[in-house]
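The values are calculated or read from the model by the stated rules, or taken from the named source; none is laboratory data. Treat the numbers as computed from the prediction; the structure is a model and nothing was measured. With ideal geometry, Cβ positions are generated from the backbone for all residues, glycine too; neighbour counts draw on all protein chains shown. To get the accessible areas, we keep the full protein, side chains included, count just its heavy atoms, and leave off ligands, DNA and RNA. Shrake-Rupley method; radii C 1.70, N 1.55, O 1.52, S 1.80 Å.
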Amino acid sequence: EDQVYRLLVETMGEAGLNTTPEGKIFFCNRQFSKLVNTPMEKIVGQNLEKFVKESDHKKMAEMLIKAKVEPLRKRLVFLTADGISVPAWVSANMLKHGDSVSICLVAMDQTELEASKEAVRQIAEQREELKIQQKTLRVQNEELYKAQIELEMSRNRYSDLYDFAPVGYFVLDKDGLILNVNLTGAALLGVKKSLIIGKHF
């Protein structure tokens, strides 16, 4: 029975290990060895906390205690030999061997899934930022459009004041060529405005 159990644990796709209720590892499969990037012979005999991120040590200890009462599942972050964090969902169950008790742990690597979720979260954030930027740009465009309308209206008012002033206005360059003339000035000469501009005064 023990050999069948070990064969099952060894051939399953998830990382598996057995510990004492205090966390000392007395068996692990190759998948757990790969998970923490550590040879199996350097895992067996060690305490589980050596392969768990320090911030999760308390959670791990609580998990081992509660697993003696009922099966449970928690997220733990393991550490590889070179210090890389590996998030995993860990199921813990108590196993009885006659008078002795051990804890069976099965860990499912969540690195790719959490990386995908993080990528989705970042894309969502970027979309929100883009929406805010688009809204800001839309407001700025509306303000610019209003300013252009007001400028055009001011220009038209100025143009009307200039063209219909009671006196004739002539704008000349330094050589005496007419650059602009108002309607009153053109009427004084009795010719169209378009025929005056560009002529010598």
Condition set open to solvent by less than 70 Å² (accessible area, probe 1.4 Å) and not in a helix (DSSP H, G or I), scope the range 179-190, selection farthest from TYR158 (Cα to Cα): answer is GLY190
Hey, does the range 150-170 have a residue that's closer than 30 Å to THR20 by Cα, at pLDDT 90 or above and in a strand (DSSP E or B)? no
A careful count of residues in the range 164-178 that are open to solvent by less than 70 Å² (accessible area, probe 1.4 Å), out of contact with any His (no Cβ under 6 Å at 6 or more places or on another chain) and not aliphatic (A, V, I, L, M) gives 3
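Yes/no per residue for (1) within 60 Å of the chain's Cα centre (by Cα); (2) among the aliphatic types (A, V, I, L, M):
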{"site": "GLU129", "(1), (2)": "yes, no"}
{"site": "GLN133", "(1), (2)": "yes, no"}
{"site": "GLY168", "(1), (2)": "no, no"}
{"site": "LEU177", "(1), (2)": "no, yes"}
{"site": "LEU195", "(1), (2)": "no, yes"}
{"site": "GLY198", "(1), (2)": "no, no"}
When you look at LYS193, is it of a type in the set (Lys, Arg), more than 30 Å from GLY23 (Cα to Cα) and either touching a helix residue (DSSP H, G or I) at 6+ places or on another chain (Cβ under 6 Å) or open to solvent by less than 100 Å² (accessible area, probe 1.4 Å) (or both), yes or no? yes
Within the range 17-37, which residues are open to solvent by 10 Å² or more (accessible area, probe 1.4 Å) and polar (S, T, N, Q)? THR20, GLN31, SER33, ASN37
Test of understanding: among SER55, SER33, which residue is polar (S, T, N, Q), within 19 Å of MET12 (Cα to Cα) and modelled with pLDDT of 90 or more? SER33
